[in-house]
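> One structure is given below, represented as structure tokens, and several questions about it will come after.
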């Protein structure tokens with residue numbers, strides 16, 4: 001009872017301090033915990049590797065800076081694999097806060113690492129308002145839905161857009177999404193209608209929602225959150241920010257589990273003590 | 001006429017768009033394409049309307065010195081700064097090196113990332129203070145949550161690595177395998193049921209709108 005009572009006025013800033021330490025320490029000194037590649041991440045990798053070299057790919061990066069730590073690493077790893085296979089990649093974004101982050105991720109890989117030419121080897125078409133309407137509209141031609149690219153240049157004149165015209169000309173649709181509009185809408189509006197081969201990378205919180213599509217075969221692979229991104233880095237033989245972040249995430253998860261258990265144990269202790277006190281009264 | 005015409009337009013366009021899903025002929029796909037372009041333009045106008053509404057409401061609250069009005073001043077300064085700087089930069093406002101890009105990278109990105117990073121702290125606090133197991137169902141939920149949470153990260157694999165020393169038929173008790181089973185079987189079954197229920201609901205609502213039974217979208221009145 002006395003132990004439980006001590007936590008009545010518990011200052012939650014102590015919890016914040018512990019979380020901060022548990023996140024910061026592994027980032028500075030990695031624990032190198034062993035990472036297992038789960039079947040959805042392996043399937044994602046296998047689907048990407050199965051694309052014939054030099055194919056056209058549409059990558060829709062539907063997120064904003066809030067999902068940056070989870071989704072940018074998997075975006076970059078995916079782009080690295082696609083560019084290694086000499087694929088022509090067209091990138092779109094249906095989140096209005098996201099194109100700036102997506103543009104930096106795409107250019108850091110395409111121009112910074114692979115020295116590719118914008119408009120010939122890849123194109124970032126930027127943001128378009130309209131959510132599902134844009135997805136369906138792209139079925140009539142990508143340049144039709146996106147007349148200008150992210151930097152305001154006409155897309156119809158780009159060499160890459162002569163090859164990548166509509167869903168019929170792409171070998172795969174990669175949806176990296178943080179919510180609505182995202183993977184679910186791409187499956188419902190595009191995969192189901194145009195029968196495009198599709199994989200998805202998403203935030204950990206939205207991954208459970210996409211398991212039915214994975215099991216039905218509409219999604220060929222799925223990366224869930226930073227763990228999924230780290231698994232993909234592992235399977236491709238790269239060590240990136242997601243792998244480095246997994247130790248911190250591990251300790252944070254354990255701490256949240258401890259908080260759930262501790263909170264309930266204290267609650268039960270209090271309840272039992274209160275029941276005992278009530279029985280003792282005349 | 002004030003109600004009948006919108007109902008007729010909704011019904012005709014609704015039936016036409018359903019038709020366009022099944023009929024790939026040009027006679028259907030070209031007008032459907034035009035209607036989609038119209039939808040995209042309407043959504044874009046929605047942003048203008050939203051911005052104007054945000055200005056009107058917040059200016060009103062500031063002038064009345066409503067509680068926390070100072071935050072609304074910050075909101076308006078942020079809104080107007082981004083709009084004005086973007087407009088001054090012209091068509092290439094998103095090109096690296098522009099003032100708009102600087103504001104996006106130096107203010108918008110770190111602020112939004114910070115907001116989401118704070119979740120880690122509040123989740124820990126909520127787990128300790130609010131996640132109470134009072135019923136058997138809540139107990140199942142808590143156990144599943146704990147198994148998925150730990151099984152999803154490398155520490156779960158490390159902590160149950162000793163399972164690999166056991167006979168192969170016992171390997172399923174390793175946490176990542178348990179987590180994968182929870183995600184693939186009970187979670188997936190529940191999610192499918194929710195998805196199917198939601199899809200049937202959307203179809204029913206769509207039909208009600210097309211047939212003119214559901215009219216609340218017209219003016220909020222039945």
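> Which members of the range B:195-222 meet the condition of being within 14 Å of chain A (Cβ to nearest Cβ) and surrounded by 12 or more Cβ atoms within 10 Å (Cβ to Cβ)?
B:195, B:206
> Check off (1) in a helix (DSSP H, G or I); (2) crowded, with 23+ Cβ neighbours inside 10 Å for residue A:168 and give me the number that stays unchecked.
Of everything listed in (1) in a helix (DSSP H, G or I); (2) crowded, with 23+ Cβ neighbours inside 10 Å, residue A:168 misses just condition (2).
> When residues of the range A:77-89 are filtered for being farther than 19 Å from residue A:42 by Cβ and either assigned to a loop (DSSP other than H, G, I, E, B) or within 13 Å of the chain's Cα centre (by Cα) (or both), how many remain?
2
> Whether any residue in the range A:219-229 is modelled with pLDDT of 95 or more, surrounded by fewer than 22 Cβ atoms within 10 Å (Cβ to Cβ) and either more than 13 Å from chain B (Cβ to nearest Cβ) or out of contact with any helix residue (DSSP H, G or I) (no Cβ under 9 Å at 6 or more places or on another chain) (or both) is what I want to check.
Yes: the range A:219-229 contains one or more residues that are modelled with pLDDT of 95 or more, surrounded by fewer than 22 Cβ atoms within 10 Å (Cβ to Cβ) and either more than 13 Å from chain B (Cβ to nearest Cβ) or out of contact with any helix residue (DSSP H, G or I) (no Cβ under 9 Å at 6 or more places or on another chain) (or both).
> Can you find a residue in the range B:56-64 that is under 28 Å from the mean Cα position of the chain (by Cα), modelled with pLDDT under 95, part of a helix (DSSP H, G or I) and surrounded by 12 or more Cβ atoms within 10 Å (Cβ to Cβ)?
Checked the range B:56-64: no residue is under 28 Å from the mean Cα position of the chain (by Cα), modelled with pLDDT under 95, part of a helix (DSSP H, G or I) and surrounded by 12 or more Cβ atoms within 10 Å (Cβ to Cβ).
> Name the single residue, out of those in the range A:11-45 being farther than 24 Å from residue B:159 by Cα and surrounded by fewer than 14 Cβ atoms within 10 Å (Cβ to Cβ), that is modelled with the highest pLDDT.
Out of the qualifying residues, it is A:17.
> Can you tell me which of A:97, A:66, A:126 is in contact with a helix residue (DSSP H, G or I) (Cβ under 8 Å, 6 or more places away or on another chain) and assigned to a helix (DSSP H, G or I)?
The unique qualifying residue is A:66.
> Just one of the numbered conditions (1) closer than 21 Å to residue A:237 by Cβ; (2) out of contact with any helix residue (DSSP H, G or I) (no Cβ under 7 Å at 6 or more places or on another chain); (3) assigned to a loop (DSSP other than H, G, I, E, B) is not true of residue A:54; which one?
(1) is the only condition that residue A:54 fails.
> Among the residues of the range B:82-93, count how many are at the interface with another protein chain (Cβ under 9 Å from one of its Cβ atoms) and either at pLDDT 95 or above or surrounded by fewer than 12 Cβ atoms within 10 Å (Cβ to Cβ) (or both).
Final tally of qualifying residues: 2.
> May I ask you to list the residues in the range B:1-15 that are part of a helix (DSSP H, G or I), surrounded by 12 or more Cβ atoms within 10 Å (Cβ to Cβ) and at pLDDT below 90?
Of everything in the range B:1-15, just one residue is part of a helix (DSSP H, G or I), surrounded by 12 or more Cβ atoms within 10 Å (Cβ to Cβ) and at pLDDT below 90, namely B:6.
Residue-wise test of (1) in a loop (DSSP other than H, G, I, E, B); (2) more than 12 Å from chain B (Cβ to nearest Cβ).
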residue: A:91; (1), (2): no, yes
residue: A:104; (1), (2): no, no
residue: A:115; (1), (2): yes, yes
residue: A:130; (1), (2): yes, no
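> Taking the stated definitions as given, is residue B:33 without any contact (Cβ under 8 Å) to a residue 60 or more places away in the chain and either loosely packed, with under 14 Cβ neighbours inside 10 Å or over 28 Å from residue A:149 (Cβ atoms) (or both)?
no
A quick yes/no check of all residues on (1) in contact with a helix residue (DSSP H, G or I) (Cβ under 9 Å, 6 or more places away or on another chain); (2) within 22 Å of residue B:184 (Cβ to Cβ); (3) modelled with pLDDT of 95 or more; (4) within 10 Å of another protein chain (Cβ to nearest Cβ):
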position	(1), (2), (3), (4)
A:175	yes, yes, yes, no
A:196	yes, no, yes, no
A:206	yes, yes, no, no
A:213	yes, yes, yes, yes
A:232	yes, yes, yes, no
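> When you go through B:130, B:136, B:126 one by one, which is the residue that is closer than 30 Å to residue A:271 by Cβ and surrounded by 13 or more Cβ atoms within 10 Å (Cβ to Cβ)?
From the options B:130, B:136, B:126, the qualifying one is B:126.
> Can I ask one more? Is the range A:214-236 home to any residue that is part of a helix (DSSP H, G or I), touching a strand residue (DSSP E or B) at 6+ places or on another chain (Cβ under 8 Å) and over 12 Å from residue A:74 (Cβ atoms)?
The answer is yes; a qualifying residue exists.
> Separate question: Select, from B:7, B:19, B:36, the only residue that is in contact with a helix residue (DSSP H, G or I) (Cβ under 7 Å, 6 or more places away or on another chain) and over 25 Å from residue A:127 (Cβ atoms).
So the residue among B:7, B:19, B:36 that is in contact with a helix residue (DSSP H, G or I) (Cβ under 7 Å, 6 or more places away or on another chain) and over 25 Å from residue A:127 (Cβ atoms) is B:19.
The values are calculated or read from the model by the stated rules, or taken from the named source; none is laboratory data. Keep in mind it's a predicted model, so treat the numbers as computed, not measured. Here Cβ is always computed from backbone atoms with ideal geometry, including for glycine, and neighbour counts include all displayed protein chains.
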